[in-house]
1. If we keep just the residues of the stretch 59-95 that are of a type in the set (V, I, T) and surrounded by 15 or more Cβ atoms within 10 Å (Cβ to Cβ), which is farthest from the chain's Cα centre (by Cα)?
2. Of the numbered conditions (1) of a type in the set (S, T, Y); (2) in contact with a helix residue (DSSP H, G or I) (Cβ under 8 Å, 6 or more places away or on another chain); (3) over 30 Å from R127 (Cα atoms); (4) assigned to a strand (DSSP E or B), Y91 fails exactly one; give the number of that condition.
3. Are there any pairs, at least 6 apart or on different chains, whose C-beta atoms fall under 7 Å, with the first in the stretch 49-63 and within 26 Å of D20 (Cα to Cα) and aliphatic (A, V, I, L, M) and the second at pLDDT below 90 and surrounded by 15 or more Cβ atoms within 10 Å (Cβ to Cβ), and if so, which?
4. Give V33, V24 a once-over and let me know the one that is surrounded by 10 or more Cβ atoms within 10 Å (Cβ to Cβ) and farther than 25 Å from E5 by Cβ.
5. Which count do you get for residues in the stretch 181-204 that are under 20 Å from K136 (Cα atoms) and assigned to a helix (DSSP H, G or I)?
6. Between Y150, Y166, Y154, Y123, which is touching a residue at least 40 places away in the same chain (Cβ under 8 Å), over 21 Å from H92 (Cβ atoms) and of a type outside the set (S, T, N, Q)?
7. Could you tell me which residue of the stretch 66-96 is nearest to I137 (Cα to Cα), considering only residues that are in contact (Cβ under 8 Å) with a residue 24 or more places away in the chain and aliphatic (A, V, I, L, M)?
8. State yes or no: is N97 assigned to a loop (DSSP other than H, G, I, E, B), among the polar types (S, T, N, Q), more than 27 Å from V178 (Cβ to Cβ) and modelled with pLDDT of 95 or more?
Amino acid sequence: MNKEEFKQWVKKTYGDFQNDKQAVSYIAQNNIVIVYDKTTVKSAIAKCHPKDEFYYRIGVAIAYARLRKIKVPKVEEEPEFKRVGYEQEYYHIGKLNTASFGAVYTLETDHFLDKASFENNNYFHTRKRAEEVADKINFLLKLERLHDTYCPDYVPDWQDNARKYYVFYGTKDSTYYVGGCLAVDRKPCVYFPTTEIAQKVCDILNGETKKCKKPL
């Protein structure tokens, strides 16, 4: 169950508790909610995790569900990307001794630049992952340069019915091809106004691929 579904479950279960004339709740120390039945004198508790923010209604809903033998749903935790520990290594993408972007080794010191890199999504746990993204950025810049060389004034108009052209890489035969679309913007993607220009770009990229024997 995701968080939104759990929120609805809490709302319904808390409503059931309010309508149950035999159930009473109170808050004990350390954010513990207790719900007990006035007739049977049976009770159930729900305790907030120390790292979580206390919500009374959630506690009541869970304790009431336990009291009435209702299964409490398990909430799927959303994955969270975190900063590494103090003085542990991470990588960001920056300029190296060459003209291209690459992975830059950094130590986390809680400096404002570490925070800025993290908030700008320029923060990677491994060199390999940073290099993968740097390669994508370098290739995007190459496409943008070819765009500015052959059609510098072209900006795709997504309101018209004209086809836009782009290039894509076929991994089976290590070849760039021309693709086209009408209204699906494949961001980030560089578009060209004609198949002729797009094919010219493919020819240039394919020529470079043959020289280095691997995709850029």
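The values are calculated or read from the model by the stated rules, or taken from the named source; none is laboratory data. From a predicted model like this one, the values you see are computed outputs, not experimental measurements. Positions of Cβ are generated from backbone atoms using ideal geometry, with glycine treated the same way; all protein chains shown enter the neighbour counts. Keep in mind that these areas ignore ligands, DNA and RNA; they rest on the heavy atoms of the full protein, side chains included. Shrake-Rupley method; radii C 1.70, N 1.55, O 1.52, S 1.80 Å.
1. In the first step, residues of the stretch 59-95 are kept if they are of a type in the set (V, I, T); the result is 60, 62, 70, 72, 75, 84, 93.
Restricting the remaining residues to those that are surrounded by 15 or more Cβ atoms within 10 Å (Cβ to Cβ) gives 60, 62, 72, 84, 93.
Details: V60: 33, I62: 30, V72: 28, V84: 18, I93: 18 Å.
Within the stretch 59-95, the match that is farthest from the chain's Cα centre (by Cα) is V60.
2. The single condition Y91 does not satisfy is (3).
3. Close Cβ pairs (under 7 Å, with a partner that is at pLDDT below 90 and surrounded by 15 or more Cβ atoms within 10 Å (Cβ to Cβ)) do not exist here.
4. V24
5. First pass over the stretch 181-204, keeping only residues under 20 Å from K136 (Cα atoms): 185-192, 198, 201-204.
If we keep only those that are assigned to a helix (DSSP H, G or I) as well, we get 198, 201-204.
The total comes to 5.
6. Y150
7. I93
8. Taking the combined requirement at face value, the residue does not satisfy it.
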